[in-house]
Amino acid sequence: MRNATLKQFRAVAAIVETGSVTGAARKLNVTPPAVTMQVQQLEQHLGLPLLDRAGERFQPSAAGREVLAAIARIEQALADCGAALDSMKGLRSGRVSVGLVSTAKYFVPAALGSFTRAHPGIDVVLTVGNREEIIAGLRADAIDVAIMGRPPLDIEVDKTLIGDHPHVLIAPADHPLLGRRIPASALAGSTFMSREPGSGTRGLMERFFQQSGIDPRIGMEIDSNETIKQAVMAGLGLAFISAHTIAAEVADGRLAVLDVEGLPEVRQWFVVKRTAKRLTPPAAALTEFLSRRGADFLPDTLHLPGVAQAPAPARERDGEPG
């Protein structure tokens, strides 16, 4: 790999992105034969084919996927270097790539808006996904920092606290169990709308029910908090969900929160970065801002049943939303 060039790497990436040599040539502003030559030289150097043809398009081979992952890290390192050099003049320019678990989109955009108004020269790029997707972005250095709950255990990371994150059980506004505190056992036999496997909310829900001795009946697996709320409003079942996602619907009387013993499950929000990753000054400034001001943008949950009381004992005070 030592003699491979950036042009060769970029030629492979452009072919995969566009699906063709001609498209790659247009993207790179070179001729198609020049693109072909760069790829052939890299394949000869590595001794492995990097591209396979699938119909009219090229796709990466197994070796090609490894090369693409390396290209992504190289491009990110170059972007980080450029941002660091730009920011040596102060926080007048630069770029920060932020990954959000999907539940964080209910407060992070407002916080980022405040940050960018204070630093208008800094570009903030957002990626939204579930817990597994955001951890993959951290691992690959595709994002600078992540906003999430339980940080990954298989990556060495630094975490900075933003604030508390309660989770509750929601029901239709006319549910018969509303208006009184109930044991978790009263939920046995109920149908639940659930986030997809791999999401932090799903994992937290499963731990709560397991420790409550309940085997929940999952009616639907849905990868969207908004769709889950609509399903609950339609009377299709109950849902375990972040209290930060339901403020508007509860205030309007379209959803209600069940007052269940052991809830809310109170976790935390964190800004997370890989320990080995050196943050550029803009990324470091954003982390500091979220640590200092992030809690100001969290939705108000004090009016919800049980949430205004002392938090329920957290089984693991860094549980993951998402």
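The values are calculated or read from the model by the stated rules, or taken from the named source; none is laboratory data. None of these values were measured; they are calculated from a predicted model. Using ideal geometry, Cβ is built from the backbone for each residue, glycine included, and neighbour counts are taken over all protein chains shown. SASA here: full protein model, heavy atoms, side chains in, ligands and nucleic acids out. Shrake-Rupley method; radii C 1.70, N 1.55, O 1.52, S 1.80 Å.
The table for this structure:
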quantity	calculated
Only one of Gly137, Gly99 that is farther than 15 Å from Phe9 by Cβ and either in contact with a Leu (Cβ under 9 Å, 6 or more places away or on another chain) or in a loop (DSSP other than H, G, I, E, B) (or both)	Gly99
Output for the stretch 16-72, where each listed residue is of a type in the set (D, E, K, R), open to solvent by less than 80 Å² (accessible area, probe 1.4 Å) and either under 17 Å from Arg2 (Cα atoms) or part of a loop (DSSP other than H, G, I, E, B) (or both)	Glu43
Tally of residues being modelled with pLDDT under 95 and crowded, with 22+ Cβ neighbours inside 10 Å across the stretch 261-272	4
Members of the stretch 204-250 found to be in a helix (DSSP H, G or I), open to solvent by less than 20 Å² (accessible area, probe 1.4 Å) and of a type in the set (Gly, Ala, Ser), listed by number	Ala231, Ala243
Among the residues listed as Leu100, Leu126, Leu112, the single one being modelled with pLDDT of 95 or more, under 30 Å from Glu249 (Cβ atoms), open to solvent by less than 60 Å² (accessible area, probe 1.4 Å) and out of contact with any helix residue (DSSP H, G or I) (no Cβ under 7 Å at 6 or more places or on another chain)	Leu112
Out of Thr287, Thr301, sole residue that is among the β-branched types (Val, Ile, Thr) and farther than 21 Å from Pro151 by Cα	Thr301
Of residues in the stretch 183-203 being part of a helix (DSSP H, G or I) and not small (Gly, Ala, Ser), the one farthest from the chain's Cα centre (by Cα)	Leu187
Lone qualifier among Asp158, Asp154, Asp164, Asp123 - being assigned to a strand (DSSP E or B), within 17 Å of the chain's Cα centre (by Cα) and of a type in the set (Asp, Glu)	Asp158
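For every residue, the table says whether it meets (1) under 20 Å from Ala142 (Cβ atoms); (2) under 33 Å from the mean Cα position of the chain (by Cα); (3) modelled with pLDDT under 90.
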position	(1), (2), (3)
Ala13	yes, yes, no
Ala24	no, yes, no
Leu28	no, yes, no
Leu42	no, no, no
Leu46	no, no, no
Ala54	no, yes, yes
Gly64	yes, yes, no
Leu68	yes, yes, no
